[in-house]
Amino acid sequence: MRSFVTALALIALPAAADTPLDMPHLDIIPRTAAERERIAAVIAEANDTATGDTVHRFERMSAGATTSEAAANGDAFSHPSANLSFEERGDFFIGNGLFRRLWATAPASTIASDGLGPLYNARSCQRCHLKDGRGHPPENTDDLTTSMLVKIGVVGLDADPALLDAIEDYVGASAHPVYGGQLQDRSIAGVPPEYKLGITYEPFEVTLNGEEPAILRRPTYEVGSPAYGPLGDNWAISPRIAPQMIGLGLLEAIAVEDILALTDPDDADGDGVSGRAQVVWSDEFDRALLGRFGLKAGDPTLREQAADAFSNDIGISSPILPNDHGDCTAEQAECLAAPGGGSPEQDGTEVAQNALDLVTFYSANLAVPVRRDEGDAAVLRGRAVFHEAGCAACHNPTFVTHRLQDGGPQSFQLIWPYTDMLLHDMGPDLADGLPEGRASGQEWRTPPLWGVGLTQTVSGHTYFLHDGRARSLTEAILWHGGEAETARTNVQEMTPDTRADLIRFLESL
Ligand code: HEC
Ligand code: HEC
């Protein structure tokens with residue numbers, strides 16, 4: 001990657017409003033040249049503390065004025081942005097109700113909450129984003145998945161020419177002709193569920209300087225009991241656990257120009273880390289946009305991500321994805337014949353525009369918790385190690401969000417998400433083999449690290465990475481390969497004390 005500051009200095013950036021991939025739904029106030037300079041200076045100052053021993057003056061509040069200072073307990077990810085108005089807090093709590101709503105089979109007496117399935121993975125958003133935190137793989141091999149889902153596709157089919165035309169370097173897989181774009185292991189009565197996920201784990205050792213080797217577990221996945229016939233050829237699957245829900249509105253308000261400034265697709269600076277922007281087709285705006293959400297950044301906006309989840313995960317139609325039958329394909333007759341739950345009171349779909357907007361508002365405003373122990377000597381040493389080991393090349397510490405016309409909660413905040421929002425090749429060991437948009441089967445979006453230190457407190461477990469294979473922060477790091485190989489080797493080779501400092505830093509986020 002290129003350093004943020006250098007990139008800003010080297011490139012004559014277009015005004016935000018002219019950036020072709022920018023967010024059409026945000027009312028952005030274009031930056032002036034003077035503002036750009038101020039932002040670059042603030043970012044430079046924030047990163048300058050990398051090797052120093054003092055806390056940056058804004059570092060404690062990871063998400064600026066939205067940061068929650070509520071107690072670091074099991075509800076730590078469920079608080080609204082701290083700077084919401086009274087009215088906005090009302091919307092947040094209505095959105096929370098919709099996020100928790102258990103959908104029922106249509107037709108039901110309550111038309112507002114029917115339309116489940118026919119095929120689905122869970123009956124509510126909250127069932128996967130447990131306590132607004134991350135999901136986990138099934139604990140027992142006999143269990144259905146509860147907060148994990150599996151995408152499926154066929155690699156090598158001719159892609160839609162419109163997509164190839166609109167998106168440079170498009171490599172996405174096509175939906176499976178029988179099973180669609182996602183595998184559902186639940187269904188309403190009379191419709192067979194598609195499959196049952198099988199997982200086996202194989203232990204293997206990774207050496208660590210000065211310590212016993214770490215024992216990691218390598219997952220193997222099986223599409224068990226496929227109910228609609230054999231899968232055929234060239235299919236690939238991508239098992240993913242639900243990510244934590246905090247700080248998402250801020251990630252949506254990061255300027256496209258700032259994300260693009262971090263890309264280095266040909267690794268021009270020779271640091272082994274490239275970083276490519278995801279570009280995806282927006283169903284809402286009917287054009288290509290920068291991809292931001294999802295583990296391969298396959299969705300451009302929070303609203304589309306929510307519409308996607310309603311359709312594929314729960315089987316609920318919305319004005320953006322209006323098909324009542326969700327992910328059913330033409331080969332799934334019982335699924336297509338099942339009654340839908342759309343009604344005129346709800347814009348003809350199973351969830352109305354207004355409800356979709358409230359869930360989106362909720363998703364945008366789950367607050368990032370305040371840092372803990374950020375001034376502790378070990379944490380500050382660990383922060384320096386994080387930079388020296390090369391972690392910050394992808395887990396980019398800071399951004400300043402766009403200034404928004406409505407001056408809303410996400411407007412013009414200095415934030416510390418520790419992500420560059422870009423795709424990176426993480427090597428064959430983490431590959432799922434299922435391309436998405438411009439992302440290859442080996443690429444993933446750098447996940448934000450804010451809040452990772454509270455995973456045990458909120459979720460009662462420490463399963464990390466896209467499929468929860470890592471059982472601790474250390475294991476998560478030791479799985480890093482590809483562009484992150486040097487960073488991983490650095491961690492393997494450091495002394496146990498230095499490694500402990502690095503982990504203390506991550507735990508303070
Ligand atoms: C079956 C489990 C499941 C359900 C139900 C579910 N999600 Fe998710 N959610 C996921 C997974 C897995 C991802 C990652 C998706 C990807 O990589 O494309 C995700 C991603 C997201 C993201 C993007 C987060 C990020 O960091 O990029 C948002 C926002 C989100 N979900 C909101 C919702 C909403 C709103 C609902 C209910 C309408 C919902 N989800 C229902 C599993 C679920
Ligand atoms: C080349 C880019 C890159 C570098 C360098 C890098 N990471 Fe990552 N990191 C990623 C990506 C991408 C993932 C997600 C991989 C996946 O889910 O399979 C990730 C995942 C993680 C996770 C798990 C997060 C979660 O929510 O599950 C942790 C913790 C982490 N990285 C810490 C580090 C540390 C510490 C370093 C430095 C030693 C580092 N990373 C270096 C790109 C990088």
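Summary of values
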{"quantity": "First in the range 380-403 and under 17 Å from GLU493 (Cβ atoms) and touching a residue at least 40 places away in the same chain (Cβ under 8 Å), second anywhere and within 16 Å of ligand 1 (Cβ to nearest atom) and open to solvent by 10 Å² or more (accessible area, probe 1.4 Å), Cβ under 9 Å, 6 or more apart", "calculated": "PHE386/HIS395; CYS391/LEU449"}
{"quantity": "Lone qualifier among ALA236, ALA214 - being within 15 Å of ILE152 (Cα to Cα), within 16 Å of ligand 2 (Cβ to nearest atom) and surrounded by fewer than 22 Cβ atoms within 10 Å (Cβ to Cβ)", "calculated": "ALA236"}
{"quantity": "Which listed residue, of LEU149, LEU197, LEU119, is within 16 Å of ligand 1 (Cβ to nearest atom), within 20 Å of ALA307 (Cα to Cα) and out of contact with any Lys or Arg (no Cβ under 7 Å at 6 or more places or on another chain)", "calculated": "LEU119"}
{"quantity": "Residue among ARG123, ARG57 that is farther than 24 Å from TRP450 by Cα and in a loop (DSSP other than H, G, I, E, B)", "calculated": "ARG123"}
{"quantity": "Every pair of residues 6+ apart whose Cβ atoms lie under 8 Å, when the first sits in the range 194-208 and is within 21 Å of VAL223 (Cα to Cα) while the second is small (Gly, Ala, Ser) and part of a loop (DSSP other than H, G, I, E, B)", "calculated": "GLU194/ALA227; TYR195/SER225; TYR195/ALA227; LYS196/SER225"}
{"quantity": "Test: GLY172 is outside any loop (DSSP other than H, G, I, E, B), touching a residue at least 24 places away in the same chain (Cβ under 8 Å), assigned by TED's automatic domain parsing to the domain that holds PRO219 and touching a strand residue (DSSP E or B) at 6+ places or on another chain (Cβ under 7 Å)", "calculated": "no"}
{"quantity": "Residue in the range 136-151 that is at pLDDT 95 or above and either more than 30 Å from GLY340 (Cα to Cα) or surrounded by fewer than 19 Cβ atoms within 10 Å (Cβ to Cβ) (or both) present", "calculated": "yes"}
{"quantity": "Qualifying position, being on the phi < 0 side of the Ramachandran plot, hydrophobic (A, V, I, L, M, F, W, C) and out of contact with any Lys or Arg (no Cβ under 9 Å at 6 or more places or on another chain), among ALA378, ALA439, ALA367", "calculated": "ALA367"}
{"quantity": "Scan of the range 97-125 for residues that are more than 24 Å from THR329 (Cα to Cα), open to solvent by 30 Å² or more (accessible area, probe 1.4 Å) and at pLDDT 95 or above, ordered by number", "calculated": "GLY97, ARG100, ARG101, LEU102"}
{"quantity": "The range 407-428, residues that are farther than 19 Å from ILE246 by Cβ, part of a loop (DSSP other than H, G, I, E, B) and at pLDDT 95 or above", "calculated": "PHE412, LEU422, MET426, GLY427"}
{"quantity": "Unique residue being out of contact with any strand residue (DSSP E or B) (no Cβ under 7 Å at 6 or more places or on another chain) and under 27 Å from GLY190 (Cβ atoms) when the list is ASP143, ASP158, ASP114, ASP91", "calculated": "ASP143"}
{"quantity": "Set LEU422, LEU404, LEU430: member being away from ligand 1 (no atom under 16 Å from the Cβ) and in the same structural domain as VAL273 (by TED's automatic domain parsing)", "calculated": "LEU404"}
{"quantity": "Members of the range 249-280 that are more than 25 Å from ARG36 (Cβ to Cβ) and within 14 Å of ligand 1 (Cβ to nearest atom)", "calculated": "VAL280"}
{"quantity": "The range 450-465 residues that are farther than 19 Å from GLY294 by Cβ, paired with ones that are part of a helix (DSSP H, G or I) and open to solvent by 40 Å² or more (accessible area, probe 1.4 Å) (beta carbon under 8 Å, 6 or more apart)", "calculated": "GLY453/GLU507; VAL458/LYS131; SER459/LEU130; SER459/LYS131; THR462/GLN456"}
{"quantity": "Within the range 123-144, considering residues that are more than 7 Å from ligand 1 (Cβ to nearest atom) and touching a Leu at 6+ places or on another chain (Cβ under 6 Å), the one nearest to ILE199 (Cα to Cα)", "calculated": "ARG123"}
{"quantity": "Odd one out for ALA63, checked against (1) open to solvent by 60 Å² or more (accessible area, probe 1.4 Å); (2) touching a strand residue (DSSP E or B) at 6+ places or on another chain (Cβ under 9 Å)", "calculated": "(1)"}
{"quantity": "Complete set of residues in the range 93-147 that are among the hydrophobic types (A, V, I, L, M, F, W, C) and within 16 Å of ligand 2 (Cβ to nearest atom)", "calculated": "CYS128, LEU130"}
{"quantity": "Answer from ASP91, ASP75 - the residue that is among the charged types (D, E, K, R), assigned to a helix (DSSP H, G or I) and either surrounded by fewer than 19 Cβ atoms within 10 Å (Cβ to Cβ) or touching a Ser or Thr at 6+ places or on another chain (Cβ under 7 Å) (or both)", "calculated": "ASP91"}
{"quantity": "Any hit, the range 220-243, residues being without any contact (Cβ under 8 Å) to a residue 24 or more places away in the chain and outside any loop (DSSP other than H, G, I, E, B)", "calculated": "yes"}
{"quantity": "The listed residue being closer than 22 Å to VAL150 by Cα and either at pLDDT 95 or above or in contact with a strand residue (DSSP E or B) (Cβ under 6 Å, 6 or more places away or on another chain) (or both), out of GLY468, GLY460", "calculated": "GLY468"}
{"quantity": "Within the range 305-406, helices (runs of 4 or more DSSP H) holding 1 or more residues that are within 16 Å of ligand 2 (Cβ to nearest atom) and open to solvent by 20 Å² or more (accessible area, probe 1.4 Å)", "calculated": "377-388"}
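Yes or no, residue by residue, for (1) hydrophobic (A, V, I, L, M, F, W, C); (2) more than 9 Å from ligand 2 (Cβ to nearest atom); (3) in a loop (DSSP other than H, G, I, E, B):
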position	(1), (2), (3)
GLY433	no, yes, yes
TRP450	yes, yes, yes
VAL458	yes, yes, no
ILE477	yes, no, no
GLU485	no, no, no
ARG488	no, no, no
ASP497	no, yes, no
ASP501	no, yes, no
ARG504	no, yes, no
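The values are calculated or read from the model by the stated rules, or taken from the named source; none is laboratory data. A quick note: this is a predicted structure, and the numbers were derived from the prediction, not measured. Using ideal geometry, Cβ is built from the backbone for each residue, glycine included, and neighbour counts are taken over all protein chains shown. Surface accessibility is based on the protein's heavy atoms, side chains included, excluding ligands, DNA and RNA. Shrake-Rupley method; radii C 1.70, N 1.55, O 1.52, S 1.80 Å.
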